[in-house]
Amino acid sequence: MHEMSIAINIVSIARKEAEKESAPSISMIELEVGKLAGVMVDSLQFCYEAACKGTLAEGSELQIIELEGQAKCMQCGNVFTIDSFMAICPKCDTYEIEIIQGKELRLKAISINEEGSSHV
Amino acid sequence: MCDTCGCGSNSTTFTKHGEKEHHHGDGHHHDHDHDHGHNHDHSHEHDHSTHTHGRTIEVEQDVLGENNLLAQRNRGYFEAKNIFALNLVSSPGSGKTTLLEKTLVELQDVPSAVIEGDQQTMNDADRVAATGVPVLQINTGNGCHLDANMIHTAYGELELKNDSVLFIENVGNLVCPALFDLGENKRVVIISVTEGEDKPAKYPTMFDAADICIINKIDLLPYVEFDVARCKEHALKVNHQLEFFELSATTGEGMDTWLSWLRDNLK
Ligand SMILES: Nc1nc2c(ncn2[C@@H]2O[C@H](COP(=O)(O)OP(=O)(O)OP(=O)(O)O)[C@@H](O)[C@H]2O)c(=O)[nH]1
Ligand SMILES: [Mg+2]
Ligand SMILES: [Zn+2]
Ligand SMILES: [Zn+2]
Ligand SMILES: [Zn+2]
Ligand SMILES: [Zn+2]
């Protein structure tokens with residue numbers, strides 16, 4: 001269940017950013033997750049809610065943007081979409097590829113409420 | 001709460017073999033003690049009755065950035081002291097500790113140290129300690145992997161020697177440890193022939209993140225249906241740069257190549 005430690009990291013990064021802005025609360029966290037990142041999105045959503053409890057992000061929403069996997073063939077340079085690590089270059093049939101996208105786990109942005117606002 | 005000392009902490013503990021005391025890592029815990037029983041069907045519509053000023057802030061940070069940074073710090077430390085650090089990962093029971101025991105006995109002329117990671121017990125540390133090598137046990141409690149910060153705390157206690165080798169046995173788990181760089185020089189994934197030969201296809205993240213793949217328990221090959229060539233094929237499809245060793249930690253078959261690879265890397 002590393003999703004729990006990841007959720008805790010997410011909330012902790014977001015909290016630091018919100019504190020810099022003296023925001024009373026966080027309403028949304030935007031996260032990019034590559035399809036090959038090794039993270040289960042459902043499980044992450046579930047743990048996220050728990051990780052938010054008692055923090056500035058309590059009750060906030062986790063918006064997950066899933067990123068396609070992309071690979072570059074090391075033989076012919078072809079760039080193509082992949083959905084698993086066991087991908088093959090469609091041009092030259094080789095497994096010698098380099099994954100160039102799909103392992104991301106990036107906190108993109110947070111939405112904060114500002115002082116004086118009410119969030120019912 | 002910590003079962004051992006009742007200190008109110010549920011974080012990771014670090015215990016040197018032969019010492020009664022354990023202590024807790026600093027605030028870096030992965031406890032899962034949240035309530036899974038409640039209803040998740042809440043709506044995300046918020047009633048903004050009075051005026052609300054929301055604002056979006058760009059963050060653009062790697063979620064594992066802190067761990068990666070700490071791993072880089074560990075790596076720098078290992079490099080400065082010329083320590084060759086290995087991170088051993090596998091499913092529970094593939095033979096990590098047995099391989100370590102055998103390796104350490106053969107490598108007695110090389111200064112070594114071991115960090116053991118398990119959720120509970122000192123058993124693996126006790127087995128390693130019998131070889132005379134300094135060992136520190138990390139008990140992660142509910143945590144399913146070691147992280148760079150734990151390793152940093154652990155080697156601080158072990159007082160590693162220059163020009164030595166550090167073996168880290170990760171928590172037996174083929175999923176979670178894949179994501180956490182510890183600052184090791186090489187990551188070694190172990191699979192035993194009593195597991196399915198398609199493990200690399202089923203757990204690709206781990207095989208993708210490894211440098212070395214050890215196929216262990218080859219003494220059992222006559223009794224199980226495990227095609228070594230097919231297993232390698234699966235693994236190479238995931239990661240074409242993997243290097244393989246086939247061995248039996250129990251009988252010692254194939255250990256020579258592994259040991260000479262280790263020695264070559266210690267120069
Ligand atoms: N036949 C055979 N058995 C082995 C071999 N290596 C390990 N075993 C056995 O496999 C079992 C598990 O070995 P361990 O070394 O404890 O495995 P581990 O990966 O450290 O296990 P965890 O720390 O629990 O994840 C033990 O009963 C070992 O004796 C081998 O090469 N051949
Ligand atoms: Mg073990
Ligand atoms: Zn996990
Ligand atoms: Zn959970
Ligand atoms: Zn190609
Ligand atoms: Zn304690």
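When residues in the stretch A:84-105 are screened for being within 11 Å of chain B (Cβ to nearest Cβ), in a loop (DSSP other than H, G, I, E, B) and touching a residue at least 12 places away in the same chain (Cβ under 8 Å), 8 of them pass. Just checking, does the stretch B:217-226 include any residue being surrounded by fewer than 22 Cβ atoms within 10 Å (Cβ to Cβ), without any contact (Cβ under 8 Å) to a residue 40 or more places away in the chain and hydroxyl-bearing (Ser, Thr, Tyr)? Yes, the stretch B:217-226 has at least one match. Considering only residues that are away from ligand 1 (no atom under 16 Å from the Cβ), among the aliphatic types (A, V, I, L, M) and more than 17 Å from B:Leu70 (Cβ to Cβ), which ones fall in the stretch B:159-193? Hit for the stretch B:159-193 is B:Val165, nothing else. Only residues that are closer than 20 Å to B:Cys144 by Cα, open to solvent by 60 Å² or more (accessible area, probe 1.4 Å) and out of contact with any helix residue (DSSP H, G or I) (no Cβ under 8 Å at 6 or more places or on another chain) were counted in the stretch A:1-54, giving 2.
For the subset of the stretch A:16-35 comprising residues that are in a helix (DSSP H, G or I) and more than 11 Å from B:Val59 (Cα to Cα), which member is nearest to ligand 3 (Cβ to nearest atom)? Going through the qualifying residues, I end up with A:Glu19.
Is it the case that B:Glu60 is within 14 Å of chain A (Cβ to nearest Cβ), farther than 18 Å from B:Thr140 by Cα and out of contact with any helix residue (DSSP H, G or I) (no Cβ under 9 Å at 6 or more places or on another chain)? When the stated conditions are applied, B:Glu60 passes them. Scanning the stretch B:171-180 for residues that are touching a helix residue (DSSP H, G or I) at 6+ places or on another chain (Cβ under 7 Å), crowded, with 22+ Cβ neighbours inside 10 Å and closer than 14 Å to B:Asp118 by Cα yields B:Leu174, B:Cys176. From the list B:Leu70, B:Leu86, B:Leu99, the one residue that fits, being touching a residue at least 60 places away in the same chain (Cβ under 8 Å) and in contact with a Phe, Trp or Tyr (Cβ under 6 Å, 6 or more places away or on another chain), is B:Leu86. Tallying residues that are without any contact (Cβ under 8 Å) to a residue 12 or more places away in the chain and either touching a helix residue (DSSP H, G or I) at 6+ places or on another chain (Cβ under 7 Å) or within 13 Å of ligand 2 (Cβ to nearest atom) (or both) within the stretch B:104-126 yields 1. Number of residues in the stretch B:57-94 that are open to solvent by less than 10 Å² (accessible area, probe 1.4 Å) and within 16 Å of ligand 1 (Cβ to nearest atom): the value is 6. Listed by position, the helices (runs of 4 or more DSSP H) contained in the stretch B:180-259 that have at least 1 residues being under 18 Å from A:Ile88 (Cβ atoms) and acidic (Asp, Glu) are B:204-209, B:228-238. Can you tell me which residues in the stretch B:235-260 are under 22 Å from the mean Cα position of the chain (by Cα), touching a residue at least 24 places away in the same chain (Cβ under 8 Å) and open to solvent by less than 70 Å² (accessible area, probe 1.4 Å)? Hits for the stretch B:235-260 are B:Ala235, B:Val238, B:Asn239, B:Leu242, B:Phe244, B:Phe245, B:Leu247, B:Ser248, B:Ala249, B:Met255, B:Trp258, B:Leu259.
Say whether the condition of being modelled with pLDDT under 95 and at the interface with chain B (Cβ under 8 Å from one of its Cβ atoms) is met by at least one residue in the stretch A:28-35. Checking the stretch A:28-35: not a single residue is modelled with pLDDT under 95 and at the interface with chain B (Cβ under 8 Å from one of its Cβ atoms).
If you check B:Thr103, B:Thr121, B:Thr131, B:Thr98 for being part of a loop (DSSP other than H, G, I, E, B) and under 18 Å from the mean Cα position of the chain (by Cα), only one passes: B:Thr121. Within the stretch B:126-170, the residues that satisfy the criterion of being touching a Leu at 6+ places or on another chain (Cβ under 7 Å), aliphatic (A, V, I, L, M) and open to solvent by less than 10 Å² (accessible area, probe 1.4 Å) are B:Val128, B:Leu136, B:Ile138, B:Leu146, B:Ala148, B:Ile151, B:Ala154, B:Val165, B:Leu166, B:Ile168. Criterion applied to A:Glu114, A:Glu61 was being charged (D, E, K, R) and in contact (Cβ under 8 Å) with a residue 40 or more places away in the chain, and the one residue passing it is A:Glu114.
Among the residues of the stretch B:184-192, at least one is within 23 Å of B:Val114 (Cβ to Cβ) and either without any contact (Cβ under 8 Å) to a residue 60 or more places away in the chain or of a type in the set (Ser, Thr, Tyr) (or both).
The values are calculated or read from the model by the stated rules, or taken from the named source; none is laboratory data. Predicted model only: the values in this text are computed from it and were never measured. Every residue, glycine among them, receives a Cβ derived from its backbone with ideal geometry; neighbour counts consider all protein chains shown. These area figures cover heavy atoms from the full protein model, side chains too; ligands, DNA and RNA do not enter into them. Shrake-Rupley method; radii C 1.70, N 1.55, O 1.52, S 1.80 Å.
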